[in-house]
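The structure appears below as structure tokens.
The values are calculated or read from the model by the stated rules, or taken from the named source; none is laboratory data. Keep in mind that what you see is a predicted model, and the values were worked out from it rather than measured. Here the Cβ positions follow ideal geometry from the backbone for every residue, glycine too, while neighbour counts run over all protein chains shown.
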Amino acid sequence: AREAALYGVPSLTYFPEELDVNKCVVQWGFPLYHARKIHEIIDFIDKVFRGALEVKANLKRLSELEKPSDIIFKIVEEYL
């Protein structure tokens, strides 16, 4: 869900607790929503299908983030 939200796709996590990493994604302005109860999931789906969640990708913020693949390559190169 986090990865989809980073591309501007309204996304939902279903977990009993809020995770700090998800809070960070939301604070950056990406469309990540959290649900703890089934009715919250149903409400989210309803909003998505009605087009009530019009969100544009935060491309400026996305361009400021490091590419995960670059980080992985650096780590792998250190161990080769």
Are there any helices (runs of 4 or more DSSP H) wholly within the stretch 31-80 with 2 or more residues that are within 17 Å of Glu3 (Cβ to Cβ) and modelled with pLDDT under 90, and if so which? 59-64, 68-79
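Which residues, counting only those in the stretch 1-30, are assigned to a helix (DSSP H, G or I) and of a type in the set (Gly, Ala, Ser)?
Residues satisfying the conditions are Ala4, Ala5.
Take the residues of the stretch 1-20 that are closer than 17 Å to Glu64 by Cα and either out of contact with any helix residue (DSSP H, G or I) (no Cβ under 7 Å at 6 or more places or on another chain) or among the basic types (Lys, Arg) (or both): which is surrounded by the fewest Cβ atoms within 10 Å (Cβ to Cβ)?
Going through the stretch 1-20, the residues closer than 17 Å to Glu64 by Cα turn out to be 2-8.
Next, only the ones that are either out of contact with any helix residue (DSSP H, G or I) (no Cβ under 7 Å at 6 or more places or on another chain) or among the basic types (Lys, Arg) (or both) stay: 2-4, 7-8.
Values: Arg2: 15, Glu3: 11, Ala4: 14, Tyr7: 13, Gly8: 16.
The qualifying residue surrounded by the fewest Cβ atoms within 10 Å (Cβ to Cβ) is Glu3.
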The listed residue being surrounded by 13 or more Cβ atoms within 10 Å (Cβ to Cβ), among the charged types (D, E, K, R) and out of contact with any helix residue (DSSP H, G or I) (no Cβ under 9 Å at 6 or more places or on another chain), out of Glu40, Glu64, Glu77: Glu40
